[in-house]
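The values are calculated or read from the model by the stated rules, or taken from the named source; none is laboratory data. This structure is a prediction, so every number in the text was calculated from the model and none was measured. For neighbour counting, all protein chains shown are included, and Cβ atoms are generated from backbone atoms with ideal geometry for every residue, glycine included.
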Amino acid sequence: MVGGTFDPLHDGHKRLLNRSFDLAGPDGYVVIGLTSDSFASRKTHPIRPFAVRKSDLEHYILNRIRPARWAIESLDDRYGSAIDADFDALIVSEETLPVAVEINKLRREKGKKKVDIHQISCVLAEDGHWISSTRIYRGEIDVHGHLLK
């Protein structure tokens, strides 16, 4: 499982998705939680509609060389189905690691098995700071981390 707002879909998101599919392998199954419009509205910058973000994800995934089976589900909170679902691993960034730890804690409390947490390092922009959607919306960098200002 992997989750996010994915708006805009930048190189950091692509690293996260690629790692998810690599870990799943050709016989695996990847669940991608995509924040719903209402949950994403808490962001400090504008967010494109769910359908547009979902279409971008689908386009990226369908153009991968060896995709596993996959599905996109709506995330209405920080956890989505990760508390109750039967799955093996969460793939997170440095930024979202605390949510994964919290998910495992909640799973244990419900008698569910702990899942593996795979953390990727965030992709750095040319200036050495993380690529982030907020920085892209501010006009500091593009989706590849190239400086714009």
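Brief remarks follow.
- Screening I32 on (1) assigned to a helix (DSSP H, G or I); (2) within 13 Å of the chain's Cα centre (by Cα); (3) of a type outside the set (D, E, K, R) shows it passes everything except condition (1).
- Exclusive hit being farther than 26 Å from H129 by Cβ and of a type in the set (D, E, K, R), set E102, E58, E94: E58
- Sole residue being hydrophobic (A, V, I, L, M, F, W, C), in contact with a helix residue (DSSP H, G or I) (Cβ under 6 Å, 6 or more places away or on another chain) and at pLDDT 95 or above, chosen from V99, V92: V92
- Complete set of residues in region 85-119 that are surrounded by 18 or more Cβ atoms within 10 Å (Cβ to Cβ), assigned to a strand (DSSP E or B) and β-branched (V, I, T): I91, V92
- Matching option when the condition is at pLDDT below 95 and out of contact with any Cys (no Cβ under 9 Å at 6 or more places or on another chain), among K43, K54, K113: K43
- Residue, surrounded by the fewest Cβ atoms within 10 Å (Cβ to Cβ), within region 120-144, restricted to residues that are out of contact with any strand residue (DSSP E or B) (no Cβ under 8 Å at 6 or more places or on another chain) and not in a loop (DSSP other than H, G, I, E, B): T134
- Of all residues making up region 13-29, the number that are assigned to a strand (DSSP E or B) and free of Cβ contacts under 8 Å to residues at least 12 places away in the same chain: 0
- The residues of region 40-84 that are hydroxyl-bearing (S, T, Y), in contact with a helix residue (DSSP H, G or I) (Cβ under 8 Å, 6 or more places away or on another chain) and not in a loop (DSSP other than H, G, I, E, B), listed by number, are Y60, S74.
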